[in-house]
Amino acid sequence: MPERCVGTEEGRRVFRAGIILAVLALAVMRVWAQDIAILEKGCAKNDFQSCALLGLKYDEGSGVRQDKARAAAFFSRACNGGIAFACSTLGVMFEEGDGVVRDQARAVALYSQACEGGNAFACANLGVMHEEGRGLPQDKPKAVALYSRACDGGIGFGCFNLSLMYGNGEG
């Protein structure tokens, strides 16, 4: 290391710390690459949890280049394999048109599947769809039941929406 590049002991420590950080970053990138390869192998063998995790990685761009369409494909495979979280997440993507063509009716179907599979967050989202009549006819009593189910499952905005409906005399 040329002395003219560093100049002081503190400069040398900073330079060494930078090298250590660069090496650690390369190690993390290798682990991420291995992680992705392992998850892809698992998903190909119908380990639907692996498919759901790949969906998350591509959705967030965690260890891979963000690719919403690819995330949706992995979530779809996981959802078809019975992973309620993946159905719920894919429902959000369809509701918002995030990486897929916006389709409220498809979002409703996915939220329904996820809610029936025990995903309380999906129950709350499905409650919103019923309350507002998005993707299906408006059904406030059904929204109340779904918000109640979400609230029982620990979803705060389900409790909040339920309280609003009761407060408006709709519950």
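Quick look at the values:
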| quantity | calculated |
| --- | --- |
| Sulfur and carbon atoms: percent of accessible area, the stretch 21-171 [1.4 Å] | 56 percent |
| Summed side-chain charge close to MET93 - residues other than MET93 whose Cβ falls under 11 Å, Lys, Arg +1, Asp, Glu -1 | -2 |
| Those lysines that a straight Cα-Cα span of less than 17 Å connects to LYS57, excepting residues fewer than 8 apart in one chain | LYS41, LYS68 |
| Estimated vicinal HN-Hα couplings, Hz - the stretch 77-86 in sequence order (Karplus 6.51, -1.76, 1.60; Gly, Pro = x) | 4, 5, 4, 4, x, x, 8, 4, 4, 5 |
| Cross-link reach list, lysines versus LYS142, counting only Cα pairs under 18 Å and skipping chain neighbours closer than eight places | none |
| Residue-count net charge about GLY167 - beta-carbon cut-off 15 Å; Lys, Arg +1, Asp, Glu -1 | -1 |
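The values are calculated or read from the model by the stated rules, or taken from the named source; none is laboratory data. Given the structure is predicted, the values throughout are model-derived calculations rather than measurements. All Cβ positions, glycine included, derive from the backbone under ideal geometry; neighbour counts span all protein chains shown. Quick note on the areas: whole protein, heavy atoms, side chains included, nothing else; ligands and nucleic acids left out. Shrake-Rupley method; radii C 1.70, N 1.55, O 1.52, S 1.80 Å.
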